[in-house]
Structures are given as C-alpha cells and as structure tokens.
Amino acid sequence: MEFQYRDPEIEKMPREELLALQLQKLKTEIEIALRTPFYKERLSKAGIKSRDDIRTLDDLNRIPFTTKNDLRDGFPYGFLAIPKEEVVRLHASSGTTGVPTTIYFSRSDLKNWAGFMARCIYGAGCNKTDVFQNMITYGLFTGGLGFHQGGEEVGMLVIPAGAGNTGRQFKMMQDYGTTVLHATPSFLLHLETKMKEAGVERESLSIKRAFAGAEPYSEDTRKRIEALLKVDVYNSYGLSEMNGPGVAFECQCKAGLHIWEDGYMAEIVNPDTLEPVKDGETGELILTILCREATPILRYRTRDLTSFYTQPCECGRTHRRLRRITGRSDDMLIINGVNVFPSQIEEVIMGMKEVGNNYLIVVEKDGALDRLTVKTEISAEIFMDDSRPLNALKDKIKETLQASISINPRVELHESGSLPVTEGKAVRVKDTRPKDV
Ligand code: ADP
Ligand code: ZN
C-alpha cells in the first residue's frame, strides 16, 4: 500500500525525538496553564510554579487530574489563559447538560486544530481532488467546523451539508460528485436504509470514503457500512475538551487510531485506582492538550475506555495507536450521536407534578438508529381511563424533553406504582443496544 503523510517528519519522527518534543511542549503548556486561575491554584498546590518544575515526562504524574466537573466549576472563564480579545471562537460540549463545558480558541489554536485534522484526512488517502460532504451537526458541536476546516486545509471541496435530511444528502452527492463523507456511524447506516427506500442507485454516486465517529461502534458495524455503501470507513475520535475531532484517527491500515502525540499526551489508567494500566490493557484514557494556548487542559479524565496497541503500525507512523473506544466509564448515553445524561431526563420529568415517582429510560435499536423511550408513572391523582389529559401530558413531557435533550423521545405513561422497583440503588436506564466489541 502507498501511504501518504501530510507532515512526514513529525508523523514518522523517531520516538525518542517525539518524546523530547513532547517534553518541550508540555513545559510550554504548563507555562500557559499557570496563567489560568484554576491551574495556578491547582498546580502550585502540587509544587509546580513554573515550566522549569517539569524536568522529565515522568513529572506529568505530579499534575492533578482534571474532570468535567472542574471544567463546569470553572465556567465560563476559569480556564481561559489569554486575554478575551485574543479569543476568536468558542465551542461547547453538548451544551444541554446544564452548565456547558466551554473551550476557547485563539487564531493560532484554530490553525493548529485544522492542521491535526488535515493530517488525519490526508493520511486516510484524501487529497484536493476530493469533494467532501460533511454530514454532521454544525454549531457549538466541534464535529462540524472541525472537519470543515481540516477539509479546507487539505484543499478538498467542502460541502457544509450538516446532519439529517437524507433526501437532500443524496441530491448533493449526485449534484456535486461527492467522494468523501463524514457522519456518525448510525447515520451512515440510516442513509443506506433510506437509499433503498428512495431508489437511489449506488452507481449514481461517486463516494469512496467515509469518516465515522462521535459515538462508539463496533468493527462489525464498520464492515457493514463498508459492504452496504461500498466505501472505506475510517474511525475518527475526539472530544470537545481536546479541540474536537482530530485527536486520534485511523490511517489506511485501519488497525487502531493514531493519537497525535505532538499535540496530545495520552495515558491509560485504571478508572478506580487512577494508576497506569499495564501496556496493552484497557482503562480510562487521560489526555493532556499540547497544542492550545487559549484553554489549557491537563490530564483530563475522558471516561473513555480503550487500550494501546503495543506494536508499531505498518504505515511507518511512530505515534501510538488506540483501540476502538468501547464506551465510557460513566453513565452518559449517546443516542444517534447526541449525548444525553439520564439526570437531564430526570430533571425534566421529575419537575412535573402530574408525573409520579418512578420512571425508566429505555434505549434500543430501531433498524439502524437508536430509539429512546421514557416510561414514567403518572401521579396517583390522574386516572388511566381518561385519555384526554393523558395525551396532553404525554405531549408536554415529549416537548419539554426534546427542548432539553434535543432528541425526540417516545413517552409511555404507566399507572402509579407499576414500574419495577429495585432494591438498593434504582436502575434508571435499560440499554438494550448491542454492546461494542
Ligand atoms: P461531550 O464532551 O459532551 O461528551 P463531545 O462531542 O466532545 O461531547 O463528545 C466526545 C465523546 O464522544 C468522547 O469522549 C467519546 O466518548 C465519544 N466519541 C467520540 N468519537 C468516538 C469514537 N470514534 N468512538 C467512540 N466514542 C467516540
Ligand atoms: Zn498507521
């Protein structure tokens, strides 16, 4: 196989040099972090008062972990390391989880991010002759603009299609001769179902590759998408705290995701003890960003579970590879690519007086897509045999939930006291979707 590298010197840099580069970048990131109120306090407590207190990469262990709650507590500007007038953009994670975690970018931060993204896209075999249809949500979500800028950086013709509306997506593919797609894996599967329904001939399309990410999926799902759509599917991993997509990506070997170690330091720890796992073992991924001046984030607990490959990749890149992320160690649900916390649902339904004391969240597969059903008990004052107020209540719950979580759920009303009750801790979520391998 012919491999192509956008930054060959860095991508194939001997590991020793790469680690030396990391150390320099880590020192700089520490210097930047010390300008934020949050890290100034945290780091000085840990005895780190200047960049010179970091002497070797092992000193990383002296830096305390940063959690999503820390980021929330620091909202809105507690993690900002540059004057506000130097900030040119912000992104936020889901944005619907109460206090959003907000990430700020300077002009050079955006340039760096686009560079990493371009490295991923080019490394997957694309070039400026490609037409790239970005079928993912734009807006605060980093997937849209992240891929958009990366695509432009490679010189592809970028179509900012956005998510949804399969009919329009097919039309654009045909009109513009799209060769590369980006979407969530579930949307790619959905697209295929719709393709059959709409009678769109595969031969009328020029698609060759698809980037799939933002949610966990199995190797079987990749194979299914590849077989059905006749495209090469590449796994894309990222999170808003670390810029967004462009953190780790598959090369043409499609055997694990290279994490760009000149931009991110990766550790894998046991989520309970926070001690490093043995090489190749599964644990929680911890990330430190080395390429951002506006919002430094050190040793971030991603909650994502993965492991390192222990062997180098055939493509010649020296940056380590992560295995497919199998899920998160906390309870966040990803439904058709949208992140939802059960507590958000609880907040909505428990705030309504017509709703009873028990509820259950059910997530299942409906064809290629995920389906969310919220089962709630009704308050004992409401009678099950009077359908008018019940229908009105159903609609109200539906609308309020949709406004809060951006997903249209099914709502089922149950008689007070009829939903299962568990001993000890309540089991609120029943997720019957096949687990990833
Ligand atoms: P939030 O921070 O609210 O979760 P993000 O959009 O930043 O919102 O989501 C990032 C998360 O999405 C990751 O931490 C991970 O759990 C999940 N994710 C992203 N890409 C992948 C992927 N390729 N495989 C599995 N999970 C992924
Ligand atoms: Zn490789």
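Antiparallel DSSP bridges in the chain: what percent, to the nearest 5?
60 percent
Can you work out the Karplus-derived ³J(HN,Hα) for every residue in segment 407-417? Use 6.51 cos²θ - 1.76 cosθ + 1.60 with θ = phi - 60°, whole Hz, and x for glycine or proline.
Calculated HN-Hα couplings, in order: 10, 8, x, 7, 10, 10, 9, 10, 4, 3, x Hz.
Treat every Asp and Glu Cβ in the chain as -1 and every Lys and Arg Cβ as +1, leave all other atoms uncharged, and give the resulting dipole magnitude about the Cα centre to the nearest 20 debye.
Magnitude of the dipole: close to 480 debye.
So, with +1 on the Cβ of K and R and -1 on the Cβ of D and E, and no other charges, what is the size of the charge dipole of segment 30-85 about its Cα centre, to the nearest 20 debye? Don't skip to the answer; put the middle values down first.
On the way: 11 positive and 9 negative charges, 24 e Å.
Value, rounded to 20: 120 debye.
Could you work out, for segment 1-149, what percent of all Cα-Cα pairs fall into each 10 Å distance bin, beginning at 0 Å and stopping at the bin that holds the largest distance?
Spelled out per bin, shortest first, that is 9, 28, 34, 23, 5, 0.
For segment 210-366, report the convex hull volume of the alpha-carbon atoms normalised per residue, in Å³, without decimals. List each step's numbers first, then the result.
Working: hull volume 23.5 nm³, N = 157.
That works out to 150 Å³ per residue.
Of all the Cα-Cα pairs you can form in the chain, what percent are over 33 Å apart?
39 percent
Local charge sum around Ile382 (other residues, Cβ-Cβ under 15 Å, Lys/Arg +1, Asp/Glu -1)?
Values: positive: Lys353, Arg388, Lys394, Lys396; negative: Glu354, Glu377, Glu381, Asp385, Asp386, Asp395, Glu412, Glu415.
Neighbour charge sum, excluding Ile382 itself: -4.
Could you put Cys251, Cys120, Cys315 in order, starting from the residue whose Cβ has the fewest other Cβ atoms within 10 Å?
Ascending Cβ contact count within 10 Å gives the list Cys315, Cys251, Cys120.
Could you tell me which of Ile82, Phe170, Pro216 has its Cα farthest along the dipole of segment 1-328 towards the positive end, charges placed at Cβ (Lys, Arg +1; Asp, Glu -1), taken about the Cα centre?
Selected residue: Phe170.
Could you work out how far apart the two model spin labels at Glu346 and Arg433 are, taking each label as a point 7 Å from the Cα in the direction of the beta carbon, and quote it in nm?
Output for this residue pair reads 2.1 nm.
Quickly estimate the mean residue ellipticity at 222 nm for the chain, helices only: each DSSP H run with n ≥ 4 gives -39500 (n - 2.57), and the total goes over all residues, rounded to 500.
-9500 deg cm²/dmol
Relative to the Cα centre, what is the charge dipole magnitude of segment 333-431, using +1 at the beta carbon of each Lys and Arg, -1 at the beta carbon of each Asp and Glu, and rounding to the nearest 20 debye? Walk me through the numbers on the way to the answer.
Numbers: 12 positive and 16 negative charges, 47 e Å.
The dipole magnitude comes to about 220 debye.
Net charge within 13 Å of Lys45 by Cβ-Cβ distance, Lys/Arg positive one each and Asp/Glu negative one each, not counting Lys45 itself?
+2
Which aspartates and glutamates, on any chain, are close to Lys12 with Cα under 12 Å apart, when same-chain ones fewer than 8 places away are left out?
Glu261, Asp262, Glu314
Sum up the charges of everything whose Cβ sits under 11 Å from the Cβ of Ile268, counting Lys and Arg as +1 and Asp and Glu as -1, but leave Ile268 out.
-3
Among Pro37, Tyr237, Ile48, pick out the residue whose Cα is farthest towards the positive end of the charge dipole of segment 1-328, where Lys and Arg carry +1 and Asp and Glu carry -1 on C-beta, about the Cα centre.
Pro37
Looking at the P(r) of segment 333-431, how many percent of alpha-carbon pairs lie beyond 24 Å?
20 percent
Can you give the relative contact order of segment 1-101 as a percent, counting alpha carbon pairs under 8 Å and 6+ residues apart?
24 percent
In the structure shown, do any of Lys196/Lys375; Lys84/Lys398; Lys223/Lys365 have a Cα-Cα gap over 28 Å, and if so which?
From Lys196/Lys375; Lys84/Lys398; Lys223/Lys365, over 28 Å: Lys196/Lys375; Lys84/Lys398.
For the chain, what's the relative contact order in percent, using C-alpha pairs closer than 8 Å and at least 6 residues apart?
Relative contact order for the chain comes out at 14 percent.
Read the figures in this text as sums done on the coordinates, not as results from a lab. Please read these numbers as outputs of a predicted model, since none were measured by experiment. Using ideal geometry, Cβ is built from the backbone for each residue, glycine included, and neighbour counts are taken over all protein chains shown.
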